[in-house]
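Undergrad: Below are the structure tokens for one structure; questions will follow.
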């Protein structure tokens, strides 16, 4: 605090530094590709809510085996996903769950405790128990006993509650399976830990835990300073294996550790480092990042953990009281104060690795487990459920219906920024449901296909008939009742064939080639279209991914009908190659620039830009109407300039209408897009002249 001037006494008044160099930091805007497909799929693991993923983040979240078309998770959508991902195009991916899949695999760790008289054994000078030539403990002579406990660690699946709900964190004391032969006293089982794998699937059965108590003899010895803080530290680690016949390996934490140092005392802070130590605060968090927006989401092997604190407190009180009479130079106890949490009930030894006298762990019998640094405790009970393309279609249909629900979170454009959905070969019921994708959101588009992977390939007349049905589905959702605009944001892709260089053997629709070309052209994370990959003319328009296409020639009379019904097809480009002669939306007026697939997707992106502008300026009260209009227009210009490879001219024209002025809280913002008409028809004639008529 600076001095106060009260009179003319000589002094200096030092007021410190005023920092005028700071600036308000703006968060870096998330840049998304124009072409951002929504794709549903089966997967080995991973969350069920939509995720923005590409490349490593895709395989890390869902498992690389999920995208191998020879694995049980593969469907035609897997092929689509792999095709788009290969172009480096992000996707909004969503895993679907079979109806008969089991809940995630689980682990419950219990301690079976039998109060009994335990034998006392002879000790060596280092405190260890003396063994005979057969390796058995040597009793005292004469044999003596002491009141104590024989305990057994038990690992099992978390049972369901009687009403069928999850039993997680609902464990209670129950009868054990140990019996005192003299008193017939039966043991009691105490729940200690519950763990739930982070996602459903058989993969969960290959996730394991290691929990142990280090000592001074451990490879990584105990930190003795923690004992001085009244706790016995433990270590916890996650291990995983590809399958049941392989050896598990350590799963590294977020900061590349192979285990987590922690304890079982709630609220514990390591006084040396000021770090949290309670397992409930640090274990799962060490493997998981789903809250930090600066890093890709990372789901750890286990998603839930419950520690039965009251049971642990009861147990360590019991065990410490029984061990008190046997405190010696090798113990961690003094016999005074609250020392019960210094008791190591995991392995029954002191920090110097000397076994307790009154506490004996039973191993090598039925239902027994060990808690050591090399013992894997595997989760159990996970299953993938029944997976096939018929059931997959039903699951996707149910998900797509949500897009027509005005109360669904899928209407949150900022959180779910997907822009397009491709039909990769769904049955007709799912094709009809796909149209829901454009029902309410104006920033989305669909590509429907005539092919169904569950059915034989169609001939040209069958495709024409189906195109009529698909167009009817699309017409359920006109673009704008305000402006009287019919359906725009849909394209119907005809034809199917064999995908080259793929282990997926069924015929697939050519919508997959269209998706690949669009991903290569419009899928950059910068949000800018790559002019070099433009495919509205040769050579980009040529078919390079398919062979054995079902229909390669469309007569003039048929193509006129198909064109009117919105069906797109392929033509021969040369004797041995095909191409897309046009990519037409379902817009019926051929003079409209909106017949172009490219212009339509440009408008989809402008819807998103306009919504971002609304979010940017929503709530402002510091700007005049003129400043607001100027700011909105500048924002849109900044977010569209250079984005479309020179294909369009974009002019925002925000203004305050008369009604806006009366309301005082709104503005109006048309965004003008100037685009060229799609050129599809050439009139050709040959004119013959005499050579002498050639102009000189």
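Undergrad: How many residues does the stretch 366-395 contain that are part of a loop (DSSP other than H, G, I, E, B) and touching a strand residue (DSSP E or B) at 6+ places or on another chain (Cβ under 7 Å)?
TA: Total satisfying the criteria: 11.
Undergrad: So which of 659, 627 is modelled with pLDDT of 95 or more and loosely packed, with under 11 Cβ neighbours inside 10 Å? Give the derivation first.
TA: Numbers: 627 fails: loosely packed, with under 11 Cβ neighbours inside 10 Å.
Checking each option against the conditions leaves just 659.
Undergrad: Considering only residues that are touching a strand residue (DSSP E or B) at 6+ places or on another chain (Cβ under 9 Å) and more than 20 Å from residue 215 (Cα to Cα), look in the stretch 253-267 and name the one that is surrounded by the most Cβ atoms within 10 Å (Cβ to Cβ).
TA: 253
Undergrad: Test residue 440 against the stated conditions and say whether it is under 23 Å from residue 505 (Cβ atoms) and either buried (at least 21 other Cβ atoms within 10 Å of the Cβ) or assigned by TED's automatic domain parsing to the domain that holds residue 567 (or both). Let's see the steps before the verdict.
TA: Numbers: under 23 Å from residue 505 (Cβ atoms): no; either buried (at least 21 other Cβ atoms within 10 Å of the Cβ) or assigned by TED's automatic domain parsing to the domain that holds residue 567 (or both): yes.
Here the answer is no, as residue 440 does not meet what is asked.
Undergrad: All but one of (1) touching a strand residue (DSSP E or B) at 6+ places or on another chain (Cβ under 8 Å); (2) assigned by TED's automatic domain parsing to the domain that holds residue 310; (3) in a loop (DSSP other than H, G, I, E, B) hold for residue 417; which doesn't?
TA: (2)
Undergrad: Can you list residue pairs whose Cβ atoms sit under 8 Å apart, with the first residue in the stretch 520-545 being without any contact (Cβ under 8 Å) to a residue 24 or more places away in the chain and the second being surrounded by 21 or more Cβ atoms within 10 Å (Cβ to Cβ)? Count only pairs 6 or more apart in sequence or on different chains.
TA: Note: pairs meeting the criteria are 533/517; 533/520; 533/521; 540/517; 540/521.
Residue-by-condition table, conditions (1) out of contact with any helix residue (DSSP H, G or I) (no Cβ under 7 Å at 6 or more places or on another chain); (2) under 15 Å from residue 601 (Cα atoms); (3) buried (at least 22 other Cβ atoms within 10 Å of the Cβ):
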position	(1), (2), (3)
490	no, yes, yes
517	yes, yes, yes
529	no, yes, yes
559	yes, no, no
566	no, no, yes
574	yes, no, no
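Undergrad: From the set of residues in the stretch 218-243 that are part of a loop (DSSP other than H, G, I, E, B) and touching a strand residue (DSSP E or B) at 6+ places or on another chain (Cβ under 9 Å), which is nearest to residue 299 (Cα to Cα)?
TA: 241
Undergrad: Related question: Scan (1) touching a residue at least 24 places away in the same chain (Cβ under 8 Å); (2) more than 25 Å from residue 488 (Cβ to Cβ); (3) not in a helix (DSSP H, G or I) for the single condition residue 622 breaks and write down its number.
TA: (1)
Undergrad: Here is a follow-up. Checking residue 55 against (1) touching a helix residue (DSSP H, G or I) at 6+ places or on another chain (Cβ under 8 Å); (2) crowded, with 16+ Cβ neighbours inside 10 Å, which single condition isn't satisfied?
TA: With (1) touching a helix residue (DSSP H, G or I) at 6+ places or on another chain (Cβ under 8 Å); (2) crowded, with 16+ Cβ neighbours inside 10 Å applied to residue 55, the lone miss is (2).
Undergrad: Consider residue 202 against the criteria (1) surrounded by fewer than 22 Cβ atoms within 10 Å (Cβ to Cβ); (2) touching a strand residue (DSSP E or B) at 6+ places or on another chain (Cβ under 9 Å); (3) at pLDDT 95 or above; (4) closer than 25 Å to residue 384 by Cβ: it satisfies all of them except one. Which criterion is unmet?
TA: (2)
Undergrad: If you go through the stretch 661-696 one residue at a time, how many are farther than 30 Å from residue 588 by Cβ, touching a helix residue (DSSP H, G or I) at 6+ places or on another chain (Cβ under 8 Å) and not in a loop (DSSP other than H, G, I, E, B)?
TA: Count: 1.
Undergrad: Could you check the stretch 449-469 and list, in sequence order, the residues that are touching a strand residue (DSSP E or B) at 6+ places or on another chain (Cβ under 6 Å) and either free of Cβ contacts under 8 Å to residues at least 60 places away in the same chain or assigned to a loop (DSSP other than H, G, I, E, B) (or both)?
TA: Those that are touching a strand residue (DSSP E or B) at 6+ places or on another chain (Cβ under 6 Å) and either free of Cβ contacts under 8 Å to residues at least 60 places away in the same chain or assigned to a loop (DSSP other than H, G, I, E, B) (or both): 451, 457.
Undergrad: Would a scan of the stretch 304-315 turn up a residue that is surrounded by fewer than 17 Cβ atoms within 10 Å (Cβ to Cβ) and assigned to a loop (DSSP other than H, G, I, E, B)?
TA: Within the stretch 304-315 (the criterion being surrounded by fewer than 17 Cβ atoms within 10 Å (Cβ to Cβ) and assigned to a loop (DSSP other than H, G, I, E, B)), the answer is no, since none of the residues qualifies.
Condition check ((1) without any contact (Cβ under 8 Å) to a residue 24 or more places away in the chain; (2) in a loop (DSSP other than H, G, I, E, B)) across all residues:
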{"site": "100", "(1), (2)": "no, yes"}
{"site": "104", "(1), (2)": "no, yes"}
{"site": "107", "(1), (2)": "no, no"}
{"site": "111", "(1), (2)": "no, no"}
{"site": "114", "(1), (2)": "no, no"}
{"site": "125", "(1), (2)": "yes, yes"}
{"site": "134", "(1), (2)": "yes, yes"}
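Undergrad: Is there a residue being under 18 Å from residue 123 (Cβ atoms) and either modelled with pLDDT of 95 or more or touching a helix residue (DSSP H, G or I) at 6+ places or on another chain (Cβ under 7 Å) (or both) anywhere in the stretch 328-341?
TA: Scanning the stretch 328-341 turns up at least one residue that is under 18 Å from residue 123 (Cβ atoms) and either modelled with pLDDT of 95 or more or touching a helix residue (DSSP H, G or I) at 6+ places or on another chain (Cβ under 7 Å) (or both).
The values are calculated or read from the model by the stated rules, or taken from the named source; none is laboratory data. In this text, all values refer to a predicted model and were calculated from it rather than measured experimentally. Please note: Cβ atoms are built from the backbone with ideal geometry, for glycine as well, and neighbour counts cover all protein chains shown.
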